[in-house]
Amino acid sequence: MCKVCGRIFVEGDQRTNEGVIVKKVMCTMLYFLGKVSFNMLVRIFDTWFSLVYRWIVEAGVKMVRTEFSGEIKAMLVW
């Protein structure tokens, strides 16, 4: 409970709604495709820069990094 305002809250509360999840997915997808900048995402989704930045960083940490062993011998072009 906050001693100043008297409100009760839970630190680290993980509740969210579906609208926020959709915004998060769309922001990260558009950014990683290289189509949109941070500032444009903030304008499109009407949210804060720091929130968009946090979503992108969280998604980047979760990404699986693949490494190729050896050299490429040939490349086929269709």
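Every read-out reported here was derived from the displayed coordinates using simple, explicitly stated rules and does not represent laboratory data. As the structure is a prediction and not an experimental result, all values here were calculated from the model.
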Which of the residues that make up the range 1-52 are polar (S, T, N, Q) and within 15 Å of the chain's Cα centre (by Cα)?
THR16, THR28, SER37, ASN39, THR47, SER50
When you check SER69 against the structure, is it small (Gly, Ala, Ser) and within 16 Å of the chain's Cα centre (by Cα), yes or no?
no
